[in-house]
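Report on one structure; see the data block that follows.
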Amino acid sequence: MMTPFAALELEVNSLMEGVNDISKRIKSSKVSSQFGDFFHNAKQQVHRLVKKLKKIREVKSQLAVHFCEEPAAFQLNDCYQLFADFFTKVNKVMQENDQMKKTEEKAAKSIAEKSTKNEVVKVKKRQIFDRKVEQLINEAKNGAY
């Protein structure tokens, strides 16, 4: 199976051959004045494209060495897919962490609300107790007991 990069290289080489062939044919024909500039410009653009492909090959080799891979067997698509999978998993974990944080905050809020309600109940019970004690003290002072 051909990798997309290898297919791109073949396509560029084919394009280069086609442009060169047409340029040679035009030079020896009457349409040279009409299409000569166009094909000269096309030839320059294809040449720049070939240079960029060469640079990509060099960077690909450097990347393979960086990742301790064999440059001849190193596939850019596999590398890209590896990083894509990694970042997909990182994003998933970040979403799970956010969801977990929200759940924990909700639970903490619920506990705090229950705790607050319990404190209110305790305060009310304490107030009732204090009133009853006060009432008993007043009754004792008045000689009711």
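The values are calculated or read from the model by the stated rules, or taken from the named source; none is laboratory data. Small disclaimer: the values here were computed from a predicted structure and weren't measured. All Cβ positions, glycine included, derive from the backbone under ideal geometry; neighbour counts span all protein chains shown. Heavy atoms of the whole protein, side chains included, go into the accessibility calculation; ligands, DNA and RNA do not. Shrake-Rupley method; radii C 1.70, N 1.55, O 1.52, S 1.80 Å.
Quick notes
- Label-point separation in nm, residue 117 to residue 78, each point 7 Å along Cα→Cβ: 6.0 nm
- Taking the accessible area of the range 2-95, probe 1.4 Å, and keeping the other protein chains in place, the carbon and sulfur fraction comes to 60%.
- Using Cβ point charges alone (K and R +1, D and E -1), the dipole size of the range 1-46 about the Cα centre works out to roughly 320 debye.
- What the Cα convex hull of the range 1-115 gives, in volume per residue, is 172 Å³.
- Qualifying lysines (Cα of each under 16 Å from Cα of residue 132; at least 8 residues distant if same chain): 122, 124, 141
- Inter-label distance, residue 70 to residue 98: 4.3 nm, where each label sits 7 Å from its Cα along the C-beta direction.
- For residue 55, solvent-accessible area (1.4 Å; no DNA, RNA or ligand), Å²: 120 Å²
- The helix-only estimate of mean residue ellipticity at 222 nm for the chain, built from DSSP H runs of length n ≥ 4 each weighted as -39500 (n - 2.57), is -32000 deg cm²/dmol after division by the residue total.
- Above 16 Å, the calculated P(r) of the range 52-145 contains 77 percent of its Cα-Cα pairs.
- Residues of the range 44-145: accessible area per residue with a 1.4 Å probe, Å²: 90 Å²
- Solvent-accessible area assigned to carbon and sulfur over the range 97-136 amounts to 57 percent, based on a 1.4 Å probe.
- Computed from the C-beta positions of residue 29 and residue 57, the FRET efficiency with R₀ = 41 Å rounds to 0.70.
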